[in-house]
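Asks: I'd like to ask some things about the structure below.
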Amino acid sequence: MAASTDTKRQELITCERLDGIGFGVSVRLQTGQTLGHALAEFRSCPELLLDVFYEAGGLMVFEGLESIVEAPHELVEISSLFGSEVENYEQTLTPKHMIHEQIPQILLLSNLPPCERKPPPQPQPARTATGDLPVQFPHRRGWHTDQSFRRPPPDISLFYAVEPVPRGQGQTLFADGVSAYEALPEATRNRIEPLNGLHALLGTGRSVRAGEPVTPVEDHQRSQPQPLVRKHPVTGKSALYSCESGQMDWHDGPIVGLQPGVVGDGAALLYELMTHYTQPAFTYVHEWRRHDLVIYDNRCLIHAATWYDSDRHARLMWRTTVGGNPGGEYQGEEKSWIPRDGAELLHGLGEARWDPAEKTSV
Ligand SMILES: O=C(O)CCC(=O)C(=O)O
Ligand SMILES: [Fe+2]
């Protein structure tokens, strides 16, 4: 890195590794800097931020960005540094009540109207034997990478706390797919390298709850195969890429070519991988402070929401997703979720898509 870039970066931000884990960086604007000014500098040299992000394995906790509440376009602007395409949710399979009224690039995640999304249930038991917050599958459920029912899936998400809930609730958990992949026995790495998971759109009747009728869907809403191991297009590192629960297709999958269903060989392999992936050694628990922006790379990390007391607390989060660099695997592909046959984007999805039992992941 050129000395001048380092100097410029130090004028704008401070960076510190996250404590006690092998990935992630916490970033703050230097005293006296505004996000507006920093954005102008980042635009002329995106590496000021991107090098820090990729060196930290694709997890950045940018603290203290209060100006975004009043200037939500700044969230879209910072997002655009991370990829050529900031997604417009009106052009994805997203219901209207989850989209910011003025800025369609912002997804609303909140227990408040109009979103009214409930948090996931508490794990049982609510604490581990050592008194910690459970992170590991299957004690913890809901681990996923964003919108993996689409090819290509989004590269990076930016998740902003307008109104978080008190510490100890409503955390977001992250797991590092590169370390998890590298720690697998060689035989497992070789076995999974050529395999694809089958990822489903929530509410299409393909979830873990066996025995339900499968809902007919439009072509552009169909489950999509995604490699179980993804090679990151920027870092070149291989990472596990898998979800569980409502984001996998348990009717024809979860693993293409292996016995399907919730008790098949595919499920056994997926459960083994998710248990390995979400070991405490590979995970980070983010306790939200107001105005935190957490930027995470969906190509090499998974994450999960946790419970909070939604009768007592309001939680309002804004999210953007960016794409444009999914890697060689997806080269030249058309977007799977864009109808080519004149079908309506959300046709037939209706309320079933938002069945509370499946609301744990997005
Ligand atoms: O609510 C959370 O903590 C996580 C939500 C989530 O999975 C997302 O925004 O992609
Ligand atoms: Fe998510």
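The values are calculated or read from the model by the stated rules, or taken from the named source; none is laboratory data. Predicted, not measured: the structure shown is a model, and the values here were computed from it. For neighbour counting, all protein chains shown are included, and Cβ atoms are generated from backbone atoms with ideal geometry for every residue, glycine included.
Asks: Given Glu55, Glu101, which one is surrounded by fewer than 16 Cβ atoms within 10 Å (Cβ to Cβ) and over 27 Å from Gly327 (Cα atoms)?
Replies: Numbers: Glu55 fails: over 27 Å from Gly327 (Cα atoms).
On inspection, the qualifying residue turns out to be Glu101.
Asks: Still on this structure, I have one more. Being away from ligand 1 (no atom under 13 Å from the Cβ) and within 18 Å of Asp132 (Cα to Cα) is the filter here, so list the residues in the stretch 278-326 that pass it.
Replies: Thr278, Gln279, Pro280, Ala281, Phe282, Thr283
Residues are listed down the side, and each one gets a yes or a no for (1) crowded, with 22+ Cβ neighbours inside 10 Å; (2) within 19 Å of the chain's Cα centre (by Cα):
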site: Arg141; (1), (2): no, yes
site: Ser148; (1), (2): yes, yes
site: Ile156; (1), (2): yes, yes
site: Val162; (1), (2): no, yes
site: Arg167; (1), (2): no, no
site: Ala175; (1), (2): yes, yes
site: Glu182; (1), (2): no, no
site: Gly197; (1), (2): yes, yes
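Asks: Only one of Thr145, Thr128 is β-branched (Val, Ile, Thr) and within 13 Å of ligand 2 (Cβ to nearest atom); which?
Replies: Answer to the check: Thr145.
Asks: How about the stretch 1-56: which of its residues are among the aromatic types (Phe, Trp, Tyr) and either over 19 Å from Asp292 (Cα atoms) or assigned to a helix (DSSP H, G or I) (or both)?
Replies: Phe42, Phe53, Tyr54
Asks: Which of (1) crowded, with 20+ Cβ neighbours inside 10 Å; (2) more than 30 Å from Trp288 (Cβ to Cβ); (3) in contact with a Lys or Arg (Cβ under 6 Å, 6 or more places away or on another chain) is the odd one out, the single condition Gly203 does not satisfy?
Replies: Only one criterion in (1) crowded, with 20+ Cβ neighbours inside 10 Å; (2) more than 30 Å from Trp288 (Cβ to Cβ); (3) in contact with a Lys or Arg (Cβ under 6 Å, 6 or more places away or on another chain) is unmet by Gly203, namely (2).
Asks: May I pose another question? Check Pro125 against each of (1) more than 15 Å from ligand 1 (Cβ to nearest atom); (2) assigned to a loop (DSSP other than H, G, I, E, B); (3) modelled with pLDDT under 95 and name the one condition it does not meet.
Replies: (3)
Asks: Right, Pro227: over 20 Å from Glu87 (Cβ atoms) and either in contact (Cβ under 8 Å) with a residue 24 or more places away in the chain or not aliphatic (A, V, I, L, M) (or both) or not? Quick ask: steps written out before the conclusion?
Replies: Details: over 20 Å from Glu87 (Cβ atoms): yes; either in contact (Cβ under 8 Å) with a residue 24 or more places away in the chain or not aliphatic (A, V, I, L, M) (or both): yes.
So Pro227 fits the description; yes.
Asks: What is the one condition in (1) buried (at least 21 other Cβ atoms within 10 Å of the Cβ); (2) within 12 Å of ligand 1 (Cβ to nearest atom); (3) of a type outside the set (A, V, I, L, M); (4) in a loop (DSSP other than H, G, I, E, B) that Phe137 does not satisfy?
Replies: Status for Phe137: all satisfied but (2).
Asks: Right, next: Condition test on Ala126, is it surrounded by fewer than 18 Cβ atoms within 10 Å (Cβ to Cβ), of a type in the set (Gly, Ala, Ser) and farther than 25 Å from Ser336 by Cβ?
Replies: yes
Asks: Which of the residues belonging to the stretch 231-282 are among the β-branched types (Val, Ile, Thr), surrounded by fewer than 20 Cβ atoms within 10 Å (Cβ to Cβ) and at pLDDT 95 or above?
Replies: Answer for the stretch 231-282, where residues must be among the β-branched types (Val, Ile, Thr), surrounded by fewer than 20 Cβ atoms within 10 Å (Cβ to Cβ) and at pLDDT 95 or above: Val234, Thr235, Val256, Thr275.
Asks: Being free of Cβ contacts under 8 Å to residues at least 24 places away in the same chain, among the charged types (D, E, K, R) and more than 16 Å from ligand 1 (Cβ to nearest atom) is the requirement here; does Arg189 meet it?
Replies: In short, no.
Asks: Within the stretch 39-51, can you find the residues that are surrounded by fewer than 21 Cβ atoms within 10 Å (Cβ to Cβ) and under 24 Å from Met317 (Cα atoms)?
Replies: Correct list: Leu39, Leu50.
Asks: Hey, can you tell me all the residues within the stretch 305-325 that are over 22 Å from His97 (Cα atoms) and in a strand (DSSP E or B)?
Replies: Gly323
Asks: Would you please name the residue that is nearest to ligand 2 (Cβ to nearest atom), looking only at residues in the stretch 279-310 that are under 28 Å from Asp51 (Cβ atoms) and among the hydroxyl-bearing types (Ser, Thr, Tyr)?
Replies: The qualifying residue nearest to ligand 2 (Cβ to nearest atom) is Tyr296.
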